Amino acid sequence: MQTLSGKQQDLQEGIQTNATGFPKGWVGFSFVLCCCIQRLCQNRNIKIPPMQPLKPIIPVLLTKCNDGMNVLFIVADDLRPALGCYGDSLVKSPNIDQLASRSVVFQNAYAQQAVCAPSRVSFLTGRRPDTTRLYDFHSYWRVHAGNYSTIPQYFKENGYTTMSVGKVFHPGISSNHSDDYPYSWSLPPFHPSAEKYENSKTCKGKDGELHANLVCPVDVAEVPLGTLPDIQSTEEARRLLNIMKIKNRKFFLAVGYHKPHIPLRYPQEFLKLYPLENITLAPDPRVPEELPAVAYNPWTDIRQREDVQALNVSFPYGPIPEDFQLKIKLYSENAASPFIRAELASVRAIAVTFPFWKNLQRQIRQSYFAAVSYLDTQVGLLLNALDDVGLSNNTIVMFTADHGWSLGEHGEWAKYSNFDVATRVPLMFYVPGKTSSFARPGERIFPYLDPFTHISDSVAAGKAKKMVELVSLFSTLAELAGLWVPPVCPEPSFHVALCTQGPSIVQHFNSTEEEDDYDNDYDIEDDHEEPIAFSQYPRPADIPEWDSDKPELKDIKIMGYSMRTIDYRYTLWVGFNPSNFSANLQDVHAGELYMILDELEQQIGSMCMLLKGLCKGGQVYTQHFTNDTRTASMDKCSLQDGGKKPNNTQDNKILSGLVEYSPKILAALYSQAGCDRLL
């Protein structure tokens, strides 16, 4: 960290100015010089590092002459893109949707490891987990890996007042028990006093007693201190915004919300938004038959909550009767046996047939969505405060999460895996004048919206389908704020304090969904490389063990490296040596390859099923596709083998989707899906 002399510290507090607002004397000359150079570079789209002769006062000068904006950095905990602005029709999130309507929204953003501390250290330093060497919760990167700069540290060194509220860094050893203060923050980080009760017995059960449950709607007036951590964080953040306005300071304010992290503890009135009868189970609740055992996470933290413990859920795959336990043991001893695989498939299927388990699954999903709506109200109040203090026109707002969360998909809960539901996160940037017009005098950009009464109709200002990673946040925010963008890290980079392993994604801000259509537009010969998002997850063994979700470094034996493109996810599980942090790519334990179905392919799949049912053993005839009308009619369908023509509204509704696509696309997709050919 840069240390300033007494005279320089006086400068840091403020520069004396004359009546016109310009600094006096030699500082005034430096100020004018700084502004001229900066203006020249801006006009030529050049980013320059701080000038060495003026380095001690450059942060102050740049603050005075730069048009750079404040930054409000909002991060949620365990939030998958279960939001209205991401197409979730069930979840009520009007305030985040409103933010999205004024932002560029990235549809395919991914965390680098689906667990709190490694993910947060990764995106706050701009380094991947193999560079921070943090895969668990038990080391501090500045000591364990390298003295890497962080996003808030970089803004602080460029003249910003940097502040942390709530859970930004993961507390504990991984942030030196200080949230990396004073390196990253100008002020001591704020942690809500109610935080210490998060895992206490504050959930009222049916027996009238208090429990430490997973599902935990509460009467806020009855909990310790009469408040919840996220409510306190919002109040503190609003207070700090007022102070920054009064003191006219440029700031970087990071606000970390706890929800919807477990326990699912939130004001009980939010349950009214999600009647249990409206909650469905995950569409794919069974553990896939061919899933490698090493890829499965046994959600041990959920099993330790009292309401789940009461169900005696069998380890690792779910509520399996005792007489089936031998089959799990046999599988671990002879996983290659086709007979054992078939037996295991029947065992896994049982996990979704028990009525009491299905009911709890609905309750978990109900409470997760309720917690998301509670989070939305806090985000809404925080954004509304920007309007209150008149800072909406000069504050960049970024909203994201540290990783996603499984809600019963393929038999899994929580995070701790390389699957999309665990690694994919919401990511959006509001940049005044870029993603949204500046507010007119008296206009409010972020009026608070009540999720109980507001019907959300917001549409994202811009949707980008590019594959992006959270490791790119450092360079992206630096560029948006007009700061010099740190260089790409060399290999290796343990000795380099300031560099990033994720490129800025500002170049994608003006992308449209049409421009991002990889199926139609992507050409490997015209592009340097296809955008890829990388994630990874450690395991202690090839089969699920009690510490499979959160193994300590010394126990890691396998590392799963996963790459996600627009069409595929490929994961390779290889041997890992924790003593020297090395992966042995020749020691392959398992591999997974998935093809990602988009909405078009899913619709084509539905058509295929319908058409095969309508024309058993026959062929489907279509005619007169034209560029003008793109209409299609089904002339005839072979009636052999009991084939029939569509005769109901639902059939015709599905078939009407044919008119949206050209014959060439249809033919290719039908062929891929295994449909009868079109004539």
Inset, instruction - Please tell me the relative contact order of region 97-192 in percent, rounded to the nearest whole number, where contacts are Cα pairs under 8 Å and at least six residues apart. - result: 23
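Quick check: from the Cα gyration tensor, does region 82-209 come out rounded (a/c under 1.5), prolate or oblate? The partial results should precede the final answer.
Values: a/c = 1.67, a/b = 1.23, b/c = 1.36.
In terms of gyration-tensor shape, oblate.
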Inset, instruction - Compute the Cα gyration tensor for region 202-280, then decide on rounded, prolate or oblate, letting a ≥ b ≥ c be the square roots of its eigenvalues: rounded whenever a/c is under 1.5, prolate when a/b is larger than b/c in the other cases, and oblate in all that remain. - result: prolate
Inset, instruction - Work out the FRET efficiency for Glu552 and Arg249 from their Cβ-Cβ distance, taking R0 = 41 Å, and round it to the nearest 0.05. - result: 0.50
Legend entry - Charge-dipole axis of region 196-318 as Lys and Arg at +1 and Asp and Glu at -1 on Cβ define it, positive-most pick from Ala221, Phe252, Pro263: Phe252
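In what sequence, largest accessible area first, do Asp587, Asp97 appear using a 1.4 Å probe?
Numbers: Asp587 65, Asp97 5 Å².
Result, largest first: Asp587, Asp97.
Subtract the Cα-Cα distance of Gln268 and Thr280 from 0.36 nm times their separation in residues, and report this length gain in nm to one decimal.
2.3 nm
Where a ≥ b ≥ c are the square roots of the eigenvalues of the C-alpha gyration tensor, would you call region 127-179 rounded, which needs a/c under 1.5, or, failing that, prolate if a/b is larger than b/c, or oblate? If you can, show how the numbers build up before the last one.
On the way: a/c = 2.38, a/b = 1.44, b/c = 1.65.
Taking the square roots of the gyration eigenvalues as a ≥ b ≥ c, region 127-179 is oblate.
Tell me, what % of the accessible area of region 253-308 is carbon and sulfur with a 1.4 angstrom probe? Mind showing how you got there, number by number?
Details: 980 of 1930 Å².
That share works out to 51 percent.
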Inset, instruction - Rank-order 548-557, 268-277, 294-303 by packing density, defined as the average count of other C-beta atoms within 10 Å over each peptide's residues, highest first. - result: 294-303, 548-557, 268-277
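Order of 559-571, 115-127 by packing, highest average Cβ count within 10 Å first? Could you put the intermediate results ahead of the total?
Working: 559-571: 19.2, 115-127: 26.6.
By packing density, highest mean first, the sequence is 115-127, 559-571.
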Inset, instruction - Determine the dipole magnitude for region 217-298: charges of +1 sit on the beta-carbon of Lys and Arg, -1 on that of Asp and Glu, nothing else is charged, the reference point is the Cα centre, and the result goes in debye to the nearest 20. - result: 860
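The values are calculated or read from the model by the stated rules, or taken from the named source; none is laboratory data. Only a predicted model underlies this, so the values are computations on that prediction, with no experimental measurement involved. Methodologically, a virtual Cβ is constructed for each residue, glycine included, from the backbone with ideal geometry; neighbour enumeration extends over all protein chains shown. Heavy atoms of the whole protein, side chains included, go into the accessibility calculation; ligands, DNA and RNA do not. Shrake-Rupley method; radii C 1.70, N 1.55, O 1.52, S 1.80 Å.
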